[in-house]
Structure formats: structure tokens, C-alpha cells
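Presented below is the structure to which this report refers.
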Amino acid sequence: MPAGVGTVSNVMLMGLSGARAPSIRRAQLVMAANRPRIGYVERQVRRELIAAGHALTTRQLAERIYRTTPLENWHLGNVRRSAPKFAVRVRRIRRRGLPILWAADTETEGLSRK
């Protein structure tokens with residue numbers, strides 16, 4: 001019998017128990033996160049840009065979406081990460097922090113992504 005065939009450790013690996021189970025579960029969670037779906041922040045970015053009718057900065061979008069003061073860095077990060085799905089970068093404004101100016105993407109305005 002070749003070495004390693006039919007041993008207890010190989011049987012446990014095939015059954016996804018033991019040391020490999022957490023890494024397999026993590027991989028499944030990553031795959032679930034990559035599914036194309038519209039999250040809350042993405043939906044709100046799209047709604048706020050359409051409702052405003054003009055371009056908005058990242059901070060203005062975050063203030064309209066979260067409606068809390070003071071805004072945390074992760075609020076801005078979530079908006080910055082979600083905005084490209086339904087918005088285009090118009091330009092960066094030359095002031096402190098170089099904020100990004102976002103405008104509604106006319107090509108994706110009417111699309112519903114499931």
C-alpha cells in the first residue's frame with residue numbers, strides 16, 4: 001500500500017474536517033462576497049446621484065447616505081469603494097484631501113443587477 005493512501009488524515013481531509021475545514025469555509029465566504037449583487041451603499045449612491053441631478057463629492061455622498069456626524073473614515077471608504085458601480089469620476093477637486101467628484105453613470109442608470 002503506498003504511503004498516505006487510506007490513512008486517517010487523508011480521510012479527514014476528504015471529509016472537510018480537521019485543519020482544512022476553516023480554510024475551505026473562508027474560501028466559500030470569499031466566493032459569496034464576489035457575487036454580483038447591489039448592496040445598501042451602492043444602491044444609496046445611485047439614488048443620491050440621481051436625486052441630486054448634479055455631481056457630488058465623496059463626502060457629500062457619505063453625509064447623505066449615513067446621516068451621522070461626525071463621519072468616520074470607513075464611511076468615506078465604503079462610499080469610495082461602492083461609487084464606481086453606478087457613478088463615474090468627473091475629476092478631483094483641488095482642495096484639502098483632493099476629494100473625488102462623482103456623477104451618475106448614464107449607461108448603468110436603468111440597469112438592475114441581480
Have a look at R59, R43, R80 and point out the one that is part of a helix (DSSP H, G or I), more than 15 Å from P99 (Cβ to Cβ) and of a type outside the set (A, V, I, L, M, F, W, C).
R43
Could you tell me whether any residue of segment 43-63 is hydroxyl-bearing (S, T, Y), modelled with pLDDT of 90 or more and surrounded by 10 or more Cβ atoms within 10 Å (Cβ to Cβ)?
yes
Look at L49 and say whether it is in contact (Cβ under 8 Å) with a residue 12 or more places away in the chain and over 14 Å from P84 (Cα atoms).
no
Take G6 and tell me if it is of a type outside the set (S, T, N, Q), modelled with pLDDT under 90, loosely packed, with under 11 Cβ neighbours inside 10 Å and not in a helix (DSSP H, G or I).
yes
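The values are calculated or read from the model by the stated rules, or taken from the named source; none is laboratory data. All values reported here derive from a predicted model rather than from experimental measurement. When we count neighbours, we look across all protein chains shown, and the Cβ atoms used for this are built from the backbone with ideal geometry, even at glycine.
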